[in-house]
Amino acid sequence: MTDKDKVPSGRDEVPLARDKVPLARDKVPLARDKVPQGRLQTPFYPKLKRVDTLDKWHEWKGYTAADALYCEDMEYFAIRNATAVFDLTPMTKYRITGPDACDYLDRLVTRDMHKVAPGRVAYAVWCDDQGQVIDDGTIFHLRDGEYRLCSQERHLAWLEASAIGFDVTIRHETEEVAALAVQGPTSFSVLDKLGLDGLGDLKPFGLTHFDFEGAELMISRTGFTGDLGYELWIEPAKAEALWDALFEAGKLHGIRAIGTNALEMARIEAGFMAAYHEFLPADETVRTGRSRSPLELGLDWLVDFKKPNFNGRRALAEERRRGSAWRLVKLDIEGNKPAHNAYIFAKPKNNKSEIGFITSAHWSPVCKQNIALGTVRMPHGKPGDTVWVEIYYQREMHWNRMMAAAKVVDKPFWFPKRRSATPPGPY
Amino acid sequence: MKTYDAIVVGAGHNGLTTAAFLARAGLDVVCVEKNDYIGGAAVSRQLYKDWWYSNCSYVCSLLRPEIYRALELHRHGLQVTPYGGSLTFMQNGDYFGSYHDHEVAYREMARFSRRDADAYKTYSADTMRQCRFIRDFLLRTAPDPASFKPKDLRGLMDIGRRFLEMGEDRMYETIRFWTMSVAEYLDEYFETDVIKAAMSGSGIIGTALGIHSPGTAYVLLHHKMGDVDGNVGTWGFARGGMGAVSKSIAGAFQAAGGELRTEAGCDKIIVKNGKVTGVGLENGEEIRARVVVSAMDVKRTFLNCMDRSDLPEKFYRRVENFKIRGSSGKLNIALDGLPTFPAIPKGSTLLHSDMHFIDSMERMERAYDDWKAGTWSKDPYVDMLIPTLNDPTMAPPGKHFMSCFVQYCPHKLEGRDWTEEDKQAFANTVIDQIANYSPDFKDLILHMEVRTPADIEAEIGITEGNIFHGELTMDQLLFNRPVPGYAQYRSPVAGLYLCGSSTHPGGGVMAAPGANAAREILLDLKRPNTVPDNFGDD
């Protein structure tokens, strides 16, 4: 069951356009250890490198990924105004197959996987036995009995441990699939130009397969931006060709490649949580009380107590009975100073009334709101409540401090009609 | 005749630490050492030309940063530099390396098993949780569960509170952890033999137990709970060898007005009317003091240097039964050049790591079987380092010093004493094992010092040459170390204290026993405390 294949280096397996793009690492003497010492490169790396003018990169699960490519703000507006293309190849992917695949996933995650038909995608969360979230991710029902699980973190040890008693095969396939997020109001128009018949009928959280130059191109109507958008999945050998075709089709639709920073802004506007921000994978926490349950993350709708046993069921049922300790809140904060790393208080003038802290924050250019996600102790933070956020900000060396009122909101900050319109408009 | 405030017997790192903190409190302190050099087992010795050997302890991580800072050891010449990961040579020509960079470490593990690579973060978090639990108690006196003193009750409540904080599931895990074997513990996370073998070494170093013996999971912790500049689990070299640690503490001691006497071995701790009055030296001289602090191990202190009649019978028997078994030896080698290891890629950071030659759990346990049969391991667990790759001060340019810690090696061979031939055969076992992976290694050897537990005992004075002054099993930890009821550095004799590694929190170049002992002594003498508090992890 275990994939004992050696980890391929991005360098060896992916043909790089060396003649066109000189790579900095070519000048460095090769590290000769059996595993690559530097960051891996995705199949789209040569393409990203060509449009990159900033040289700002970070590590994402061993791969090098761009913070921003030319201008963070313009990249952000590509998401909200035109079409943004984001390389999500480093995202962890597993292929789950076998007669018991559906039963297995149903046992693994908190939602009812029997309701997820082939051709559908399900957002899901999975827990340890204490009902604490290990990770969230998306499960693609590719074909009958064949699934792809995409997660923020790497979990083969946990996935295999949970598979005992099930006839399933779990294969780590991150390196075998190149993936792009194509997001924004004109994204349908761009893909439509590629001649993908029937894409207009694809509903949110649907997936479908096309042929692209003899390879299978899977397209799902999913994303991390809260906008109209798609994710494209293809074998690495066709990655660059897909990129070229996409950018050719998008030429007149404002298509732009983007880095992680722009996506992060869109993610908060959509109210999506991220590992290490809104929660910590439970299997990595050292201190007790630093993990979160799905109920504490506002994911009650994802926990199905009517289905048979699943990991964490008993603990979650107990938590539902006794009440949760924490609540994840979306905050609309007065003023325009982003509330990075701020404490949250129940009252504006009582420092002893600290009830939680901000986990993600930024000024939303599209909502013109000062928005944030935060975690507060129950029973604080009911939708409609007002809480207070202590914001520190610096102006020319000096630090200022303000207490800003923040309203707890229920809905995502950004939820345009086009996100769910089928067929999507042309824009 | 002069009467000192305190005599510290033994100028190892713990003895010197106690002496330094007492001197800083304004006490008139003399530290006596039997050898003509100081340092005990934290020592750098010039045994061949311009080579300096860390000939006992050889790496540094456990030394408490609070003590480092409080005694300003950097001002007295101490510098600890971290070194790169670790490496295990495999019999099939491959190797398993561990790297500082998390992603590279992940890839290396995934080369053997993706599942193991993914499991590592959970293993790490679970182990770190235990580390955090114990790290908080290192610079504290272990509370006595049978005492009703407010201080002990507070200490016990503190342990209880921290334990309860873990939550139900993790409390169970913790209790299991403290008593299980390192092999069982690793089996819960990993499937790859070489990965488990590489990690299990830390569970048996310095311990007369095998990887399947209960209690060895804790020993693993003992090697993970240290840090270099806050990087928990990282190990480093003391520049100039481990003697730099002792020298710097001695510097702090002398700067505080302390007096250091070498070639002044303690023959007898003098007791009159149930109260200590001083120390009789091997040369017949007598030094008087109100307080005597022994940095020697508990057996040497009470069985060798005291009259049985001065001690309670049950206490005496408990000391006799204290487990302090010789289980490891050492080869210190001067090299004419850097040996090549064809398995290690050129330019790899792995050459700077600690290297091992046992690639399976089976071989780890077999090594222990030989020890049980009364002989050294014929296929030993060797922890080999070349500090001169990092440290330019220990050998001439281009030349190297190699430190080989060898486990298992008994104090006596099948009940008899070691002969020169035995020692040579022991050394050859180790050299052959290394030479299997380094064709030019043998030709580069210029000089070699072979140390069996018996040699370590003869020179340093530690009973059976046990590097931890007694094994780190649950029955000999916390309030049980070294003897229940006497785990707070005091002894049945008024004015006599212990400050060596036989006391809580145990062995390793940690200096915590020395500091904790100083705090208790100052408390008894009603002097202001000079010993720093725990930095704390949170």
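All of the numbers you see were taken from the coordinates with simple rules; none came from a lab. The structure displayed is predicted, hence computed values, not measured ones. Ideal geometry is used to build each Cβ from the backbone, glycine not excepted, and the neighbour counts take in all protein chains shown.
Separation of the alpha carbons by more than 19 angstrom is noted, of B:LYS34/B:LYS299; A:LYS337/A:LYS417; B:LYS34/B:LYS323; B:LYS121/B:LYS224; A:LYS61/A:LYS93; B:LYS399/B:LYS423, for A:LYS337/A:LYS417; B:LYS34/B:LYS323; B:LYS399/B:LYS423. Of all the options A:MET113, A:MET402, A:MET265, the one that moves most in a Gaussian network model of chain A with Cα springs shorter than 10 angstrom is A:MET402. Basic side chains Lys and Arg get +1 at the Cβ, acidic Asp and Glu get -1 at the Cβ, and with that the dipole of segment A:163-284 about its Cα centre reaches some 460 debye.
Quick check for you: which residues of segment B:502-538 have the amide N under 16 Å from the point 7 Å beyond the Cα of B:MET157 toward its beta carbon? Answer for segment B:502-538: none.
Taking one quarter of the surface of the convex hull spanned by the alpha-carbon atoms of chain A gives a direction-averaged projected area of 22.7 nm². Most simply put, the protein assembly as shown has about 85% antiparallel DSSP beta bridges, counting only bridges with both residues inside it. Here the Karplus curve 6.51 cos²θ - 1.76 cosθ + 1.60, taken at θ = phi - 60°, turns the phi angles of segment B:49-54 into couplings of 6, 9, 8, 10, 9, 7 Hz, with x standing for Gly and Pro. Peptide B:196-208 has a mean of 0 when you count, residue by residue, the C-beta atoms of other protein chains within 10 Å of its C-beta.
Largest GNM mean-square fluctuation across A:PHE212, A:PHE44, A:PHE345, computed for chain A with C-alpha springs under 10 Å, falls on A:PHE212.
The GluC sites (Glu not before Pro) of segment A:212-308 meeting both criteria, a DSSP state outside H, G, I, E and B (loop) and at most 15 other C-beta atoms within 10 angstrom of the site's C-beta, are A:GLU213.
So what is the diffusion coefficient of chain B in µm² per second by Stokes-Einstein at 37 °C and 0.692 mPa s, using a Kirkwood Rh over Cα pairs? Stokes-Einstein gives a translational diffusion coefficient of 140 µm²/s. Partners of A:LYS411 within straight-line reach, counting aspartates and glutamates whose Cα lies under 16 Å from its Cα and excluding those fewer than 8 residues away in the same chain: A:ASP227, A:GLU269, A:ASP300, A:ASP332, A:ASP385.
When you look at the Cβ of every residue in A:151-163, what mean number of other chain Cβ atoms sits within 10 Å?
Mean shielding count: 4.
Nothing charged except the Cβ atoms of Lys and Arg (+1) and of Asp and Glu (-1): what's the magnitude of the dipole of the protein assembly as shown about its Cα centre? Round to the nearest 20 debye.
Charge dipole of the protein assembly as shown: 2980 debye, to the nearest 20.
Take the Cβ atoms of B:SER360 and A:LYS417, set R0 to 45 Å, and the FRET efficiency comes out at 0.10.
Please give every one of the aspartates and glutamates within straight-line cross-link reach of B:LYS275, meaning a C-alpha to C-alpha distance under 12 Å, and leave out same-chain neighbours fewer than 8 residues apart. Leaving aside aspartates and glutamates fewer than 8 places away in the same chain, those within reach of B:LYS275 are B:ASP310. The distance between label points at B:TYR172 and B:ASP443 comes to 6.0 nm (points 7 Å beyond Cα on the Cα→Cβ vector).
Which is farthest toward the positive dipole end of the protein assembly as shown among B:ASN516, B:THR81, B:THR388, measuring Cα position about the Cα centre, with Cβ charges +1 (Lys, Arg) and -1 (Asp, Glu)? Positive-end residue among those listed: B:ASN516. Which whole-angstrom value gives the distance between the alpha carbon centres of segment B:431-454 and segment B:1-71? Distance between centres, Cα-based: 30 Å. Of the residues A:LEU328, A:ASN400, A:SER360, the one whose Cα sits farthest towards the positive end of the charge dipole of segment A:325-411 is A:LEU328 (charges of +1 on Lys and Arg Cβ, -1 on Asp and Glu Cβ, taken about the Cα centre). At q = 0.19, 0.21 Å⁻¹ the log10 of I(q)/I(0) for segment A:92-164 amounts to -0.69, -0.86, computed by Debye summation with a single uniform scatterer per C-alpha, solvent ignored.
Under the definition of partner shielding as Cβ atoms of other protein chains within 10 Å of a residue Cβ, what is the mean value for peptide B:96-103?
The shielding value for this peptide is 3.
In a simple Cβ point-charge model (Lys, Arg +1; Asp, Glu -1; nothing else charged), chain A has a dipole of about 1400 debye relative to its Cα centre. Here segment A:325-411 is treated as a sphere whose radius is the Kirkwood value from Cα pairs; by Stokes-Einstein at 20 °C and 1.002 mPa s it diffuses with a coefficient of 168 µm²/s. Scanning residues 5 or more positions from B:SER294 or on other chains, those with amide H under 5 Å from its amide H are B:VAL9, B:TYR497, B:LEU498, B:CYS499, with H placed 1.01 Å from N in the peptide plane.
Ordering of B:135-141, A:314-320, A:375-381 by packing is B:135-141, A:375-381, A:314-320, highest average first (other Cβ atoms within 10 Å, averaged per residue). Exposure proxy ranking for B:PHE89, A:PHE86, based on other Cβ atoms within 10 angstrom of each Cβ and starting from the fewest, stands as B:PHE89, A:PHE86. Set the Cα radius of gyration of the protein assembly as shown against 2.2 N^0.38 Å, with N its number of residues, and you get 1.07. One Cα centroid belongs to segment B:479-494, the other to segment B:243-263; the line between them spans 27 Å. Computed per residue of the protein assembly as shown from DSSP H runs no shorter than four, each worth -39500 (n - 2.57), the mean residue ellipticity at 222 nm is -7500 deg cm²/dmol.
If you average the C-alpha positions of segment A:372-413 and of segment B:360-396 separately, how far apart do those two centres end up, in angstrom? Cα centres, segment A:372-413 to segment B:360-396: 57 Å.
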